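This report concerns only the one structure given below.
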Amino acid sequence: MNRNIFAFFCAIGLSVGAETITLRLDRPAEVVAELEMRSPGSDFARRGREAAVARIEAPGKAPHYVTLFAGPESRVYRVFLGELAAGEHRIRVERDERWSAPGAGFELVRARLREYRPGDDGYLVVAHAPVIFAREDTPGRFSDVPLLAYCERLRENGRELLQYTIIFSNEDGGTSTRALMARWGRTSDIEYVYRVWPDARGQPLRATIQTRNHKEVDFEGVREGRHPLLYVITRNNMVAAEGPATLRYQLAPVLVDLTEASRERVMDEDPALYRVTAQELEREGKLRPFGVVEGEKISDPRNYLYVEMKLENRDSAVAVLARLRDETVWRSSHLGRSDYAVARDGWVRTTIELPPGADAGRIAEIGFHCLVVPMKVNDKELWPDAGQCRVLAVRRVFFLDRAFRPGPDLWRLPADAAPLEIPSGEIRVFRR
């Protein structure tokens, strides 16, 4: 039974100063604050106006921060305050002068606090949520900002585990921007950072983190209660159990089920994430005109067709193709590079760049191309003679609208065609 309650609700007059929220607890509880805030005058695409940064402080707790990336729009930012003792607590929320962009205002519109105790639905998800310290070179630059946390309940060898993932606004290192669009179907950086196996009492039985070079290692660092302290240490947002204490983020995770969806589906449910990632690309000079090859830049993300599919690859990778009506040109997700095709299994995303203004009515055909990819043997790349691709399902095909919201589904793989078996070197085409 979910015994969570709204501990506090208020409408606060628009303000650029500090606000204090009073909470009274009759017994200890993990507390999540749902703070509706906005940043008047801000624009994440413009230097000096990117966003306000809110500072949140509860008695006896280290201050933590929220970047108001949604800009002038009101948005509910969810943070966890940790376990608070019984009694009265005065929680302070204010614009942080040091880290906020000079041209970005701050308004706290409403605040709502939720209590979570053992036995409540979602208690363990909140109680084990990681504290994230931003990478040392990002505060003040509004780059690779932690935007959202989500949690999945998984099972391994019959035991439940909780896996926590952070969506960052981009990554400054690792995969290039155009490779991100080809292999992952987005320019945000989505990284699982922490996995924990709770015991019968909810205590961590074992825990791991994803660290440098995407290695999973046991977590042996510091916890506050059950919350692990994690530090972003690489330019592609891997974490470690120790590092510099920079801006501290305590994002309350959203519980999701991705057994029949790609991880990018979390962004579909929160379209502001598409907009802010595009704005960061614009500010960092990573956009170029349509049809131009300019290093690792991409064009406006609204020019792309987004495709979600479920794959099984055997020495292979899949590229998706599209042809517009009244054209003889086929455009591909992998840009002619086999290393940009999708070589992993499960639910995946990719994109195809199309001319500005292209819409559902202009798409004449969609194709799936199977390519051979090398395998590693003793650190050497060996090319198989052939591969085999299986497209098990196509769940989502859409454009972003002008406001960066995912549009309606345009096409699905016909039921009588699934699973689609494609030998390497072949292309299967479907008319719309």
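The values are calculated or read from the model by the stated rules, or taken from the named source; none is laboratory data. Worth saying up front: this structure is predicted, and the values here are computed from it rather than measured. Neighbour counts are summed over all protein chains in view; Cβ atoms, including those assigned to glycine, are modelled from backbone coordinates with ideal geometry. Quick note on the areas: whole protein, heavy atoms, side chains included, nothing else; ligands and nucleic acids left out. Shrake-Rupley method; radii C 1.70, N 1.55, O 1.52, S 1.80 Å.
Among all residues of region 335-350, there is at least one that is among the basic types (K, R), more than 22 Å from V292 (Cβ to Cβ) and exposed (fewer than 14 other Cβ atoms within 10 Å of the Cβ).
Among the residues of region 253-265, is there at least one that is more than 15 Å from the chain's Cα centre (by Cα) and not small (G, A, S)?
In the first step, residues of region 253-265 are kept if they are more than 15 Å from the chain's Cα centre (by Cα); the result is 259-260.
Subsequent filtering for residues that are not small (G, A, S) retains 259-260.
So far as region 253-265 goes, yes, one or more of its residues are more than 15 Å from the chain's Cα centre (by Cα) and not small (G, A, S).
Within region 204-220, is even one residue open to solvent by less than 20 Å² (accessible area, probe 1.4 Å) and over 24 Å from the mean Cα position of the chain (by Cα)? Scanning region 204-220, I find no residue that is open to solvent by less than 20 Å² (accessible area, probe 1.4 Å) and over 24 Å from the mean Cα position of the chain (by Cα), so the answer is no. The condition (being surrounded by fewer than 19 Cβ atoms within 10 Å (Cβ to Cβ), under 20 Å from L247 (Cα atoms) and either hydrophobic (A, V, I, L, M, F, W, C) or in contact with a strand residue (DSSP E or B) (Cβ under 9 Å, 6 or more places away or on another chain) (or both)) is satisfied by just one residue among E57, E73: E57. Please indicate, with yes or no, whether at least one residue in region 40-52 is of a type outside the set (K, R) and in a strand (DSSP E or B). No, region 40-52 contains no residue that is of a type outside the set (K, R) and in a strand (DSSP E or B).
Among residues that are of a type in the set (A, V, I, L, M, F, W, C) and assigned to a strand (DSSP E or B), V292 is not included.
Being of a type in the set (D, E, K, R) and in a loop (DSSP other than H, G, I, E, B) is the filter; apply it to region 295-312 and report the residue that is nearest to P408 (Cα to Cα). Write out each step before concluding.
Of the residues in region 295-312, the ones of a type in the set (D, E, K, R) are 296-297, 300, 302, 308, 310, 312.
This time we only want the ones that are in a loop (DSSP other than H, G, I, E, B), so: 296-297, 300.
Numbers: E296: 29, K297: 27, D300: 19 Å.
So the residue we want is D300.
Among the residues of region 86-97 satisfying the criterion of being assigned to a loop (DSSP other than H, G, I, E, B) and in contact (Cβ under 8 Å) with a residue 40 or more places away in the chain, which is most open to solvent (accessible area, probe 1.4 Å)? Among them, the one singled out is A86.
Taking the criterion of being closer than 10 Å to A182 by Cβ and assigned to a loop (DSSP other than H, G, I, E, B), would at least one residue in region 313-326 satisfy it? No, because not a single residue in region 313-326 is closer than 10 Å to A182 by Cβ and assigned to a loop (DSSP other than H, G, I, E, B). Scanning region 373-432 for residues that are surrounded by fewer than 15 Cβ atoms within 10 Å (Cβ to Cβ) and in contact with a Ser or Thr (Cβ under 7 Å, 6 or more places away or on another chain) turns up just one, A386. In the set R288, R235, R223, only one residue is open to solvent by 60 Å² or more (accessible area, probe 1.4 Å), basic (K, R) and under 26 Å from D43 (Cβ atoms); that residue is R235.
For T259, are the conditions met, namely being out of contact with any His (no Cβ under 7 Å at 6 or more places or on another chain), within 30 Å of L321 (Cα to Cα) and not in a loop (DSSP other than H, G, I, E, B)? Working first, answer last.
Numbers: out of contact with any His (no Cβ under 7 Å at 6 or more places or on another chain): yes; within 30 Å of L321 (Cα to Cα): yes; not in a loop (DSSP other than H, G, I, E, B): no.
No; evaluated as a whole, the condition is false for this residue.
Where strands (runs of 3 or more DSSP E) fall wholly inside region 150-241, the ranges with 1 or more residues that are in contact with a helix residue (DSSP H, G or I) (Cβ under 7 Å, 6 or more places away or on another chain) and of a type in the set (A, V, I, L, M) are 159-168.
Can you pull out every residue in region 149-168 that is surrounded by 24 or more Cβ atoms within 10 Å (Cβ to Cβ) and more than 14 Å from Y194 (Cα to Cα)? Hit for region 149-168 is F168, nothing else.
Mind telling me which of the residues L108, L81, L124, L113 ends up being part of a strand (DSSP E or B), in contact (Cβ under 8 Å) with a residue 40 or more places away in the chain, in contact with a strand residue (DSSP E or B) (Cβ under 9 Å, 6 or more places away or on another chain) and closer than 23 Å to I167 by Cβ?
Working: L108 fails: closer than 23 Å to I167 by Cβ; L124 fails: part of a strand (DSSP E or B); L113 fails: closer than 23 Å to I167 by Cβ.
Within the list L108, L81, L124, L113, the selection yields L81.
Residue check: is G140 farther than 25 Å from E269 by Cα and among the small types (G, A, S)? In short, yes. Can you list residue pairs whose Cβ atoms sit under 9 Å apart, with the first residue in region 360-376 being on the phi < 0 side of the Ramachandran plot and among the acidic types (D, E) and the second being part of a strand (DSSP E or B) and open to solvent by 20 Å² or more (accessible area, probe 1.4 Å)? Count only pairs 6 or more apart in sequence or on different chains. Pairs found: E365/R323; E365/W330; E365/V429; E365/F430; E365/R431.
Out of region 265-294, which residues are more than 25 Å from S74 (Cβ to Cβ) and in contact (Cβ under 8 Å) with a residue 24 or more places away in the chain?
First, pick out the residues of region 265-294 that are more than 25 Å from S74 (Cβ to Cβ): 284-294.
Selection gives E284, K286, F290, G291.
For region 275-289, the count of residues that are within 27 Å of A127 (Cβ to Cβ), in contact with a strand residue (DSSP E or B) (Cβ under 7 Å, 6 or more places away or on another chain) and assigned to a strand (DSSP E or B) is zero.
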